[in-house]
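The structure appears below as structure tokens.
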Amino acid sequence: MALRSIVLGAVLAFASLTPAAARGPAPAPYRWTNVTVGGGGFAPGIVFSPVKRGLAYLRTDMGGAYRWEDRAGVWVPLMDGFAQGSFFGVESIAPDPVDADRVYAAVGMYTRDPAAILRSDDRGAHWTVVPVPFRMGGNEPGRGLGERLAVDPRHPRSLLFGSRHDGLWRSDDAGGHWRRDTAFPYAGAGPAAPRTTHPGIAFVLFDPASPRIFAGIADAGEAGLLQSNDDGAHWTRLTGGPEGLVPVKAALDGAGRLYVTWADGIGPSGVTRGAIWALERSGAFHDITPDRSPGAPPGGYIGIAADPASDGVAYASTFNRWKPGDTLWRTADGGRHWTDLGPRSRRDTSATPFLNWGRPEAALGHWIAGLALDPFDPGRLAYTTGDTVYVTNDAPKPALLWTPWTKGVEQTAIITLTSPTAGAPLVSGFGDLGGFVHRDLGRSPPGMFLSPRNTNTNTLDYAGRAGLVLVRSGNVHDGQEIEAGLGWSDDGGASWHELRTPLWSEGHSLEGQGRAPITVSADGRRFFVGAEQPMLTDDRGRSWRTIMGLPGKLRIVADKVDPRRAWAIDPDARRLLASNDGGEHFAAVAASGLCPDLALARPSNRESQPALVASPFASGDLFLLCGPALYRSRDAGQHFARVAPGLDISLFGLGLGPDAAHPAIYAVAKGAIWRSPDGGARWSRIDDAQHRWGGRFRVISGDPRRRGRVYLGTDGRGIFYGDPAG
């Protein structure tokens, strides 16, 4: 397996360097900054360096890995320069136990995607990439297991990796080459069926004080704990352990006692039962589950952390315990007695207030997979949840104060966003968190959208001449269909109001399923809903009228200047429809120069960005993305001409240009970011080698009030805003 050198994460093989590149990178054309929300997604694992105080690594399921800079008090993203999107699903991470500057990561988002082992000798600033033949699942079920990747502290050039499908793998040259470890008695379950996965070897753990190694097999039918006492030359399966459960994580305390968490599933959902067992140095293997009562709440255990300098101090987390909610446990005597830390804990979420979810106080959290104790400070304990990372400096104390440990971490999937002509510069639609009004791009908003509180926001629109009027559509998780699918605001998103059409019926209509996009007229008076039966209201939902001449399930695009105009693409009939009476009636337009096959403009799902966009600067100025081709009409759809024929565009958005006739156009094309400052006449690339984000882009838009400003929504790294450098 060949090595490839990665400079700041950008894929630049030494053999491909040109003389120009050898002189140094060109100045970056744009400055890119994360819009601050703070965390927001599932971080399955957190690991402290065992040899350097204040050094820690966080792995996420779709946003790459981060390094904690203790002196600066910020998490540093480590993979933004990668163009390979699969590398943003981090299966496991392992800081070297001898060299504080060296760290390894196992990356690969899904079984079908490329996988690699990464090595860095400067704490993730630069990476060496080693492609591997075994597949990973950094964003698949079981991503909270681990750690699968481990470095031998007694022989630090030797590494082991417990794969999902292909058994145990070994490297004896610091990750440069990998071979299947045939001494290990389990070869794996082999390839998984489509849309399924195997947990495989859930964790590998070296004992720093002896040649002992532990590995947990989580495959059903093969589940169990294995031990080697001779650096992996021979392995023995331990007898005992809980029946019907699989081992998921393990930790060693200072006395060499091994703690293992077990569950009846690999999560992050579907776990209903669990246990914790301890393996003593004497060989005794026994149950130390904190709550073994018959009435114990449903859920398992997963997170486990032990103090490497103490005998008997360990922490554990429950997992998928929805009622009464997950909690943390502490033992100081090897598991004979446990203390529930939940009632002793409070959380200060002032830095990321969305974590309260509209309640007076935030819950302890859900999906607590990552749990880590600072080996240099037994008071610093951290845990990860489905939407944040918490840390406390009070671990042994009677009362614990937790704060979000997320400065620098933006790990969210952005579905849509818009920059209105008035009010906040940015309004966003998130997956899982709903969405936000961003009045200050450097501060976490006071809360997500409420009333209705949608899990996902799928479409957003604003009134071009009344920019404080906003509308949105969204959906909720199964079982929560009582929430409305539509909402509106007339104060720039400071407050929201539910909106329901006569078709709504607890999630069974397109509206309730989040598949009925809503738009608003230029003056903010009329709302248009593309449901099974297209409808409009001009009295904020008190009454509704059927839109004539318009098929169902289409996206209506309102002119941003003239409230009488609106359009829609009918991909089935391959025609452009237009209204000149405020959306009451639509009729086909005999457009010339239009895309030859309008079926290519069909949205692929409810989260797809609109193919047809009206300019906020001039009436009748339309832009249409048809397949990879961008077209423009300046006469309300009568005539179209192709823009940027040399670019295969996947996403685009408009922003402020020199005048109304020449809006700026921002586009994603072949995984890169492009800008035309003058309506499409000139184009330049505005991303750079340090800002590639795996090509995981969902939406792009310019700012109608600030020239040069662009907003970019990613699938895993939150929202970025860019401004021209200099």
Original post:
What nm distance separates the two modelled labels at Arg575 and Arg346, each placed 7 Å from Cα along Cα→Cβ?
Top reply: 6.6
Original post:
Label points 7 Å out from Cα along the Cβ direction at Ala183 and Asp121: separation in nm?
Top reply: 2.7
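Using a 1.4 Å probe on the protein chains only, how many percent of the accessible area of the chain belongs to carbon and sulfur?
Carbon plus sulfur share of accessible area: 52 percent.
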**OP:** Could you pull the Rg and Dmax for the stretch 143-284, using just the Cα atoms, both in Å?
**Re:** 14.5, 44
Subject >> Alpha-carbon centroids, the stretch 328-362 and the stretch 384-460: separation in whole Å >> reply: 20
**OP:** Compute the label zone of Lys670 within the stretch 57-97: residues whose backbone N is under 19 Å from the point 7 Å along Cα-to-Cβ.
**Re:** 82-85
**OP:** Express in nm, to one decimal, how much length is gained between Asp230 and Lys553 on full extension, taking 0.36 nm for each residue of separation and deducting their alpha carbon distance.
**Re:** 109.8 nm
Subject >> Share of alpha-carbon pairs per 10 Å distance bin for the stretch 242-331, given as whole % >> reply: 19, 52, 25, 4
**OP:** Please work out the ratio of the alpha-carbon Rg of the stretch 361-478 to 2.2 N^0.38 Å and round it to two decimals.
**Re:** 1.32
Subject >> Coarse-grained scattering of the chain at q = 0.05 Å⁻¹, given as base-10 log I(q)/I(0) from a Debye sum over alpha-carbon atoms >> reply: -0.27
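Between Ala309 and Arg525, what's the calculated FRET efficiency when r is the beta-carbon distance and R0 is 60 Å? Round to 0.05. Walk me through the intermediate numbers first.
Numbers: r = 68 Å, r/R0 = 1.13.
That gives a FRET efficiency of 0.30.
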Subject >> Cα-projected label distance for Lys397 with Ala100, points at 7 Å along beta-carbon direction, nm >> reply: 2.6
**OP:** Provide, for q = 0.18, 0.30, 0.32 Å⁻¹, the log10 of I(q)/I(0) from a solvent-free Debye sum over equal Cα point scatterers in the stretch 362-408.
**Re:** -0.52, -1.19, -1.25
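Counting Lys and Arg as +1 and Asp and Glu as -1, what is the net charge of the other residues whose Cβ lies under 10 Å from the Cβ of Arg717? The partial results should precede the final answer.
On the way: positive: Arg696; negative: Asp80, Glu410, Asp715.
Surrounding charge for Arg717 is -2.
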Original post:
To one decimal place, what Kirkwood hydrodynamic radius in Å is obtained for the stretch 496-595 from all pairs of distinct Cα atoms?
Top reply: 13.8
**OP:** Starting from the Cα of Ala284, step 7 Å toward the Cβ, then list every residue of the stretch 325-350 with an amide N under 14 Å from that point.
**Re:** 333-337
Subject >> Cα centroid separation - the stretch 56-117 against the stretch 679-726, whole Å >> reply: 23
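Give, in nm to one decimal, the length gained when the segment between Ser269 and Arg564 is fully stretched (0.36 nm per residue of separation minus the Cα-Cα distance). Before the final figure, lay out each step's value.
Details: separation 295, 0.36 × 295 = 106.20 nm, distance 4.87 nm.
Here the segment from Ser269 to Arg564 would lengthen by 101.3 nm.
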**OP:** Find out how many positive minus negative residues lie around Thr416, taking Lys and Arg as positive, Asp and Glu as negative, among other residues whose Cβ is under 11 Å from that of Thr416.
**Re:** +1
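Roughly how many Å² is the accessible area per residue of the chain, as a whole number, for a 1.4 Å probe? Don't jump to the answer; show the numbers that get you there.
Values: 26740 Å² over 726 residues.
Result: 37 Å² per residue.
Full-extension gain between Arg157 and His585, please, as 0.36 nm times their residue separation minus the C-alpha to C-alpha distance. Numbers along the way, then the final one.
Working: separation 428, 0.36 × 428 = 154.08 nm, distance 7.18 nm.
Length gained, Arg157 through His585: 146.9 nm.
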Subject >> Amide H contacts under 5 Å for Cys595, placed H, 5+ residues apart >> reply: none
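In Å, what Kirkwood hydrodynamic radius results for the stretch 536-575 from the alpha-carbon pair distances?
Hydrodynamic radius (Kirkwood, Cα pairs) of the stretch 536-575 is 11.8 Å.
The values are calculated or read from the model by the stated rules, or taken from the named source; none is laboratory data. This is a predicted model, so every value here is computed, not measured. Neighbour counts are summed over all protein chains in view; Cβ atoms, including those assigned to glycine, are modelled from backbone coordinates with ideal geometry. What goes into the accessible areas is simple: the full protein's heavy atoms, side chains included, and nothing from ligands, DNA or RNA. Shrake-Rupley method; radii C 1.70, N 1.55, O 1.52, S 1.80 Å.
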